[in-house]
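Worksheet: one structure, shown below.
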Amino acid sequence: MSNESSAGKAGCGEGCACGAEQDSGSVLLDRRQFVSFGAMAAAAVALAACAGGLGSSITAPGSVSLSLKVSDYPALANVGGVALVNANGSPVAVVRTSTSAFVALSRICPHQGGTIDTVSGGFMCPIHGAQFNINGTWIGGQRTSSMRSYATSYNASTGTVTVG
């Protein structure tokens, strides 16, 4: 019993010049088919990597709820200070932007969901190198959108910042 490829040539197996026997479960591919399947597999891997779980696990939550006393976070004593906190299990940076104003930013990178770190003068994604200023606006590195921000209010009499 001879096994023939699509080009009509004898394939490896019974009757082949090499004398090898073919496994009954084997499927033979010619070079063109092999390259074609390889290219499709590479494209599938690339698409899966880009999609990287487009579910909610890589995006910042739409809202968070948090209340913190400024005095509990020494960095917030000064304008430009940053406190790293968790709000509902999500990493958040609270930044003092003036004596009476704060901004709250999700530390989940909008590109692929890495946790953004603080750096001098702002933030940076350690995975892709995306850079953000102290207000969370994208300023360089891997192109992406700005960090998600959340509404804040400050009660000066109690020294409390409320996020959400």
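Can you list residues whose amide H is under 5 Å from residue 108's amide H, if they're 5+ apart or on another chain and H is modeled 1.01 Å from N?
116
Relative contact order, percent, of segment 56-163 when contacts are C-alpha pairs under 8 Å separated by at least 6 residues?
Relative contact order for segment 56-163 comes out at 26 percent.
For a footprinting-style exposure proxy, rank 127, 134 by other Cβ within 10 Å, fewest first.
127, 134
In which sequence would 90, 145, 71 go, from the one with the fewest C-beta neighbours within 10 Å to the one with the most?
The fewest-first ordering by Cβ neighbours comes to 71, 145, 90.
Ranked by Cβ crowding within 10 angstrom, fewest neighbours first, how are 116, 139 ordered?
Taking fewest neighbouring Cβ atoms as first place, the list is 139, 116.
Every read-out reported here was derived from the displayed coordinates using simple, explicitly stated rules and does not represent laboratory data. Bear in mind that the values here come from a model prediction, so they are computed numbers and not experimental data. In this analysis, Cβ positions are derived from the backbone assuming ideal geometry, glycine residues included, and neighbour counts consider all displayed protein chains.
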